[in-house]
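Working notes for the structure below.
The values are calculated or read from the model by the stated rules, or taken from the named source; none is laboratory data. Keep in mind that this is a model prediction, so the values were computed, not measured. No Cβ is skipped: glycine too gets one built from the backbone with ideal geometry, and neighbour counts run over all protein chains shown. Just so you know, the surface numbers come from the protein's heavy atoms only, side chains and all, with ligands and any DNA or RNA stripped out. Shrake-Rupley method; radii C 1.70, N 1.55, O 1.52, S 1.80 Å.
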Amino acid sequence: MASLNKAAWVALHLMLVALAHAESTPADALREADAICRGDNGALWGVSLCGPVLLVDPTTRSVFANQADPEKLLKPEGGIFVGKLPEKINIANTALDWAGTHWTMMMLPLPEANDRRAVLMAHEMWHRIQRDLGLPPIGAANNHLDTRDGRFWLQLEWRALTRALEATGAARKEAARDAVVFRMRRRALFPDATRNERDLELNEGLAEYTGVKMSRSLDPVRFVVGNELKEAPQQKSFVRSFAYATGPAYGLLLDDTGADWRQPVRERRDLAELLVQRANIQMPADTVATANERAAQYGGAALGAEEDRREEVHRDLVKNLRAKLVEGPVLGIPLHKMNMQFDPGNLVSLDSLGTVYPNIRIVDDWGILTVTSGGALMSGDFSRVVVAAPKNTAQPAIKGEGWELRLNPGWSVGPAERKGDFTVRPDR
């Protein structure tokens, strides 16, 4: 494994200081990303995160890249490469295949704070190489984290992780054990939770851990406690956001053991399971009883009452969404090779029916669906998305309450099997 390049870290620090006192440009940001990955030099994962980076202005779709592309869509300008991103491509912080290149894509403007910007950059650069590590992204629905009990035990786990990171020695091990106990209690209630939570945690959780570790301008523990773990409960939904907190928290606790874990995790091992092994944590025989007992040490009574109140309001929200997107007239759209852009912090679960995305942009072979309000219901197997019935079916812009659909040639909207419903289908 490569060693750290101290000179590169010094250069990165000086660059961050300079950027804090100057107007940052796309060229500055691309240089900063390069300094971050070169400072690591492949030490963390054994693979360099350096590679093609694409910054995109979501308003103008202008792109700024650190290298040329084989298809010559980008033109050199001021030491970088510029161009336009096609409408058919969603803009998001992610890894992207475009113009014959596998890119790290990041949306402008980037965070102003140096630490958050550096974490975001390394996070997204890791997504570009995660397949090379044997950790390809796997879509997973964690709708149980929108339930009262799912939210309750997850928040207790976050509180225990916070206590563990802030403690040392025996106190750290005890709090880490509590975190794992709360996790086991939650997963015992929901049969698919173990696999689905692990899949998202090995995707977004490890990416966020990488961002924290590679941003040498910050104290990793202080950043995770003061940002990820503190802000996580403030999200409207934990369904797609929870791993941004648990991933780096467990990663730092695993680092503290001094034992290897980044190689075994490539076998898709659960982070909490690895921590129990590497830290030699003795788990209780009865995790249910222990979880119920230890909950009191983390404000369980007050948290439970708070979640009970939320559940009452949430039931009304779910009832209204079911009436609109299940029981009422709808437009059903098949998903084939879809790419989507959405907010992971505001999703709403409709249990076995799928997940409601309050705002989302989907690109597929049939065209582009843009939902700005009102929501879209996506099935749990990601095979279909539903919106409220359209106000009109005339192309090119088919519109409904809070959404617009632009179809490609060869596709149209017609009546579905259920009276009053519509469906998108290929022309015959």
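Has region 148-160 got any residue that is open to solvent by 10 Å² or more (accessible area, probe 1.4 Å), farther than 30 Å from Leu353 by Cβ and not hydrophobic (A, V, I, L, M, F, W, C)? The answer is yes, given that some residue of region 148-160 is open to solvent by 10 Å² or more (accessible area, probe 1.4 Å), farther than 30 Å from Leu353 by Cβ and not hydrophobic (A, V, I, L, M, F, W, C).
What is the number of the single condition among (1) free of Cβ contacts under 8 Å to residues at least 60 places away in the same chain; (2) surrounded by fewer than 18 Cβ atoms within 10 Å (Cβ to Cβ) that Pro329 does not meet? Condition (1) is where Pro329 drops out. Are any of the residues in region 24-43 under 24 Å from Leu135 (Cα atoms) and basic (Lys, Arg)? Looking through region 24-43, at least one residue is under 24 Å from Leu135 (Cα atoms) and basic (Lys, Arg).
All conditions but one from (1) outside any helix (DSSP H, G or I); (2) over 18 Å from the mean Cα position of the chain (by Cα); (3) under 23 Å from Ala193 (Cβ atoms); (4) not polar (S, T, N, Q) apply to Gly139; the one that does not is (2).
From Thr210, Thr257, grab the single residue that is farther than 22 Å from Ala118 by Cα and of a type in the set (Ser, Thr, Tyr).
From the options Thr210, Thr257, the qualifying one is Thr257.
Could you check region 265-328 for helices (runs of 4 or more DSSP H) lying wholly inside it with 1 or more residues that are under 13 Å from Asp178 (Cα atoms), of a type outside the set (A, V, I, L, M) and touching a helix residue (DSSP H, G or I) at 6+ places or on another chain (Cβ under 6 Å)?
By residue number, 287-294.
Taking region 49-130 as the region of interest, the strands (runs of 3 or more DSSP E) fully inside it that hold 1 or more residues being among the β-branched types (Val, Ile, Thr) are 53-56, 62-65, 80-84, 94-98, 101-107. A single member of Phe182, Phe152 is aromatic (Phe, Trp, Tyr), more than 13 Å from the chain's Cα centre (by Cα) and farther than 19 Å from Lys236 by Cβ, and it is Phe182. Scanning region 355-385 for residues that are among the charged types (D, E, K, R) and open to solvent by less than 40 Å² (accessible area, probe 1.4 Å) yields Arg361, Asp364.
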